[in-house]
Amino acid sequence: MLDRRLGEALVVNFAFQLHHMPDESVSTVNQRDELLRMVKGLGPKLVTVVEQDMNTNTAPFLPRLFMEVYNYYSAVFVSLDATLPRDSTDRMNVERQCLARDIVNIVACEGADRIERYEVAGKWRARMTMAGFVSCPFSANVNGSVRALSGSYCDRYKIKEESGALCFGWEDKTLVVTSAWR
C-alpha cells in the first residue's frame, strides 16, 4: 500500500499520536499494540515516539485527577507564565485549543469517550520492545543541539537523557519524552 521502491527507507514518526489509540484498558482489541506490530512488519529504518510523560490511561479517577493531571499541567502553566505573556495570542490559542480540551477530556470522560490516554515513558518502552523494536539512543550531537535550542527559550527548561530517550521538562518535572527505535 505504501508503494515502496527497492532500497527506499521507511521512517515512521509517532509524534503525539499514539496516546489517542485505545488499548487493552478500553477494549479487548488492543489497537496500540496492533499498530506497533504492523509498523514493525513494514521493516522501518527508524521509528520515533514523542509523548507526554504521565499516566492518564489506567490511573483511577482521583489519582489521575490530582497526582497526574494537576502535577503535569501545573508545570506546563508555570512554564507558559515564564515564557509567554498572558495576553499573548499564541498562548491563548494553546490554552484554549490544546490544553483546555485535553484537561477536560482526561478529567470528565471515561471509557471510549476518553481519548487522551497518556502513558509514562516506561510503558511506551515496554510496548515498543514487545512489538520487536530495539531502542536507538540519540547521538551526542543531537543531544547538544536540542539542549542549545531549549536553552535559548528559558534556562528552567531541562533536558536529560534516560534509558536512551530524551526527556524534556520544566525544572524537575518531565513533560515530554522522545525516543527512537529500530
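Taken together, the values in this text are just the output of simple stated rules run on the coordinates, not laboratory data. Owing to the predicted nature of the structure, the values given are computational and were not obtained by experimental measurement. All Cβ positions, glycine included, derive from the backbone under ideal geometry; neighbour counts span all protein chains shown.
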query = What GluC sites (Glu not before Pro) does the stretch 85-159 have in DSSP loop regions with at most 16 other beta carbons within 10 Å?
reply = 110
inquiry  = As a footprinting exposure proxy, order 36, 99, 62, 42 by other Cβ within 10 Å, with the fewest listed first.
reply    = 62, 42, 99, 36
request  = Could you bin all the Cα-Cα distances of the stretch 131-181 into 5 Å bins starting at 0 and give me the percent of pairs in each, rounded to whole numbers?
outcome  = 5, 21, 29, 24, 13, 6, 3, 1
message = Over the stretch 35-135, what portion of Cα pair distances is larger than 19 Å, expressed as a whole percent?
response = 55
query = Which aspartates and glutamates have a Cα less than 13 Å from the Cα of residue 45, not counting those fewer than 8 places away in the same chain?
reply = 8
request  = Mind checking the stretch 2-44 for trypsin sites (Lys or Arg not before Pro) that DSSP puts in a loop (not H, G, I, E or B) and that have at most 12 other Cβ atoms within 10 Å?
outcome  = 4, 5
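Would you mind ranking 150, 88, 179 so that the residue whose beta carbon has the fewest other beta carbons within 10 Å leads the list?
Result, fewest neighbours first: 88, 150, 179.
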note = For the stretch 11-181, the percent of all C-alpha pairs falling in each 10 Å bin, from 0 up to the bin holding the max distance, is 9, 35, 36, 19, 2
request  = Provide the FRET efficiency to the nearest 0.05 for the residue 58-residue 3 pair, computing r from the beta carbons and using R0 = 45 Å.
outcome  = 0.75
note = Filtered hits (aspartates and glutamates, Cα-Cα < 20 Å from residue 160, offset >= 8 within chain) -> 51, 53, 119, 171, 172
Vicinal HN-Hα couplings computed from phi for the stretch 82-96 (Karplus, 6.51 cos²θ - 1.76 cosθ + 1.60; Hz; Gly/Pro x) = 7, 10, 9, x, 4, 8, 5, 4, 4, 4, 4, 5, 4, 5, 6
request  = Filter the trypsin sites (Lys or Arg not before Pro) in the stretch 85-128 down to the DSSP loop ones having no more than 12 other Cβ atoms within 10 Å, then list what survives.
outcome  = 86
